[in-house]
Structure formats: C-alpha cells, structure tokens
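Here's the structure, in structure tokens; my notes come after.
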Amino acid sequence: MRRKELWLKATEATEKRGVKQYKYLYRKMLDENIIRKAYKKLRKGKTKRKEIQQIDADLDNEVTAMRRMIENTKPPDVPVEHPKLAYRPKRRTPKLIKEKGKLRKIFMPEIHEQWLHHIIVLILEPIITATAYPYSCGSFPKRGAHYGKKALLKIIRKGKNIRNFAKIDIRHFYDSIRLNILMRELRIRIKDELFLYIVELCLQGFKKGIPLGFYISQWLANYLLEPLDRFITEKLGIKNLIRYMDDIVMGDDNKKKLHKAIAEIRQFIGRRFRLKLKKNYQVFKFNFQKKNGKVIGRVIDFMGFLFFRNRTTMRKAIMLSATRLAKKLARAKEAGRGYFKKHLEAMLSYIGWFSCTDTYDAYQDYIKPHINVRRLKKIISKLTRRANKNEAVDKGAKRQQTGRVAACGA
C-alpha cells in the first residue's frame, strides 16, 4: 500500500478517535541511553573538532552533567536541587550568509546546546513523522530535493489531475513564525509542560521567527505546517500536493479550483499561524505538446529542477554556473595555476545535478571536455583528509587547506 493511502487512513482514524496525546517526554530526556544516542548523532562528521574530542575524553561525566542540567531546568515556580546547573541560552551572534541573492542570518549554538537540541529531536521525531504528510520534504531524513523530485515525477507519470499547476510560497517563513503560536500547536498533542518549557527555552529571544542553524528549527517548522497539508488534501480536495518546506506545488485539472484553493490557503495560514503568502503565486497550464507539434503551457520550476512531461532538467542559472566554472578550471590548468578548494567542491556539486537530470548531452558538450571528474574527487579526498588531520578548534579557526591547490593531475 502506498504511503499516501496509509497517511489518509491514519488521518481518518485520528478524526474518529481524536488527536493522540503524548506525555512523560521529560522523563525520556533524562534517560542516559537517549542522551548517549543523541550525542552519537551529534558527533557524526565532527570527530576532529576540539570540543568533541574533549567530550569524548570524559564522556561518562559529560552525560551525567547533561542529565543534571536537564533535571535542574524547570519553570521558575518548580523547585530544583541545583538551580545554578540549569540550562540558560547563550548569547547568539548571527553569521550572515548570502545565498541565491538573499542575505540569511545563521545562528550557531554552542556544542552542549546542540546536544540538547538533538535530545529534543530524538524524542520529537517519531511524534512528528507519525502524522507527517508523505510528500512533505526538506527536513526529514531521506526526504530532500531528490525525494521530492521522485514524488513529483510519479504524479506526472500517473497523468491524473496534472492539466494545471499552482505554485505558492510563504513570505519570510522562518522569520515570521511566532513562538507563542508554535507552542500552542505543540500543546495540542504534547501534554508535558516540563518538556515544552525546555523547547521554549531553546528558542528564547526569538519571539517572532525561529533561528536558521538550530537543529530543532527545521523539525518544528515542518510540524507547524502539518495542519496545512491536511487542509489542502482533505478540505480543499487537492490530490496532487508536494511541499518542500514552505514551497508548495499543487496540481488539478480545474484552474478555478486552484485559484480558489490559493485564496482559502491564504485565509487559513493568516488566521491560524499569522503567516502570509507571497504575492508572486503562479497558476498555469502544464507543459503540453499538441498533435501539430505546437508546445503550450509552462514547465514546473521547483527545487531547482525544471519538470517537463517527458524529461527533467535544471534551472538555467545552475547550468550556466556549472559550465562557466568548468571553463574557469580548464583555463587555470592551461595557465599552470592552482585551483581553489571551494571551486572543486562546487564543481562536484554541479556534477550531481547532471547525474540526476536528463542533461547528459549538455554534460558531454560543456563539462566533460574541460574537467576530469575522477581526478577532482581524488584531490578533494586528499585535501579533506589533510584538513581533518590538522583541523583546529571550535570557534571558527580556518582550515589550513583553504587556498589554491596544485592543478597537476587534474
């Protein structure tokens, strides 16, 4: 049985018996097995960091200290044995990152805060995934852009309700989430005020908006939009829905139905979550070729992919960036100059786009003549091993291998 059918049956059962409630989550946070499991997930890919090595050297005492911190982190009206050991949020200085023309503020919590976030998510994960819409992507494990691509291709190949599509986006989604509304939604299913107090404490200082860079942020943001998924599929009757965080694509044969759905969604998220849709929403006829050869309609531009009825390509900007970088690397090699490591990593990332889209001819013409992918992978592997060996500290010390590298053999 398909995932969507299972989800619909579970939703119907929930409506009959009421919302399932979860209690005693705070007790789970005190379980040393949970604390150790969360740390194991946290340290993946970070074993060369100084702060991780310090925790590894004294793990038993660190686990005990984390448990004591959780034990003493309770609301002000609840007495605790050692108030000074309670968790207190640190001062956070955002790191500004420019991504796709947008300036984003990324917050990096201290290592023990990250550990606490992993403990929270370890407990919340089965609760959130149990009722999540099968085609909601963007934060759950194994539900990234490639999962969303496969789901949308499945809808297109099925051929039902794909005459027209609508594409909508929530305006400043992360920055517009209100903490009191998020906590209200959590309290619908979670009946453990001690656990919820710690979750709220982690987000203290962000009354409006939840921070990018926190491990719990993406999970809570996705949880917040679960009612929206049910509203679109059940109340509005839209069968073809893919959501990548706050980007939503809906398909239906009736264009008026899609316009009406957008109006209803705008009212729903405004009334329940105090959120707004962007004004640049789109409702369009899906790309179609007539018998006379004339092509009408538009392709679906979603998650960086361009979806046609018979193929999938990538956005023009991604293609241009990849081909230009390949030529840049070729010119550097011809001139006997070295490469920057960041350029090699970017090139390998672009290769991934070619491998999962129908663009092999473009790869043959514009990429392959200029670079040797196997050699680039060897260089990156060598530099990564060397950088990990000499990796410095936790507070942003730059790796030694960040400059140019020799072009020989590439």
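Rule-based calculations on the coordinates, nothing more; no lab input. Since the structure is predicted, the reported quantities are computational estimates derived from the model, not experimental observations. Positions of Cβ are generated from backbone atoms using ideal geometry, with glycine treated the same way; all protein chains shown enter the neighbour counts.
Among Pro141, Ala130, Leu152, which residue has its Cα furthest toward the positive end of the charge dipole of segment 123-168, with +1 on Lys/Arg Cβ and -1 on Asp/Glu Cβ?
Farthest towards the positive pole: Leu152.
Which Rg and Dmax, in Å, describe the Cα atoms of segment 244-310?
That works out to 14.6, 48 Å for Rg and Dmax.
Lys/Arg Cβ at +1, Asp/Glu Cβ at -1, dipole of the chain taken about the Cα centre: which of Ala335, Leu348, Ile318 is farthest positive-ward?
Positive-end residue among those listed: Ala335.
Starting from the Cα of Lys342, draw a straight line to each of the aspartates and glutamates and keep only those under 16 Å, dropping any in the same chain fewer than 8 residues away.
Result set, ordered by chain and number: Glu99.
Can you list the lysines whose alpha carbon is less than 18 Å from that of Lys23, not counting same-chain residues fewer than 8 positions off?
List returned: Lys74, Lys191.
Taking H placed 1.01 Å from N in the peptide plane, check which residues at least 5 places from Met314 or on another chain put their amide H under 5 Å from its amide H.
Long-range HN contacts for Met314: Leu306.
What does DSSP give for the chain in terms of the percent of beta bridges that are antiparallel, rounded to the nearest 5?
On the way: 32 of 37 bridges.
Of those bridges, close to 85 percent are antiparallel.
In the set [x] 24.4, 80; [y] 23.5, 79; [z] 21.9, 72, which value of Rg and Dmax of the Cα atoms in Å was calculated from the structure you see?
[x]
Kindly give the semi-axes, whole Å and largest first, of the ellipsoid equivalent to segment 238-372, taking each as the square root of 5 times a Cα gyration tensor eigenvalue. Walk me through the numbers before you get to the answer.
Details: eigenvalues 299, 88, 20 Å².
Listed largest to smallest, the semi-axes of segment 238-372 are 39, 21, 10 Å.
Check cross-link reach from Lys341 to the aspartates and glutamates: straight Cα distance under 18 Å, and skip same-chain residues fewer than eight apart.
List returned: Glu391.
Please sort 240-251, 187-198 by packing, taking for each peptide the average over its residues of neighbouring beta carbons within 10 angstrom, highest first. Show your work: numbers first, answer last.
Working: 240-251: 22.6, 187-198: 16.7.
Packing proxy ranking, top to bottom: 240-251, 187-198.
Short version: ³J(HN,Hα) in whole Hz for each residue of segment 73-81, in order, from phi by Karplus 6.51 cos²θ - 1.76 cosθ + 1.60 (θ = phi - 60°), x for Gly and Pro, what are they?
Along segment 73-81, the couplings run 9, 9, x, x, 7, 9, x, 10, 6 Hz.
What is the distance in Å between the Cα centroid of segment 56-116 and that of segment 169-242?
Between the Cα centres of segment 56-116 and segment 169-242 lies a distance of 20 Å.
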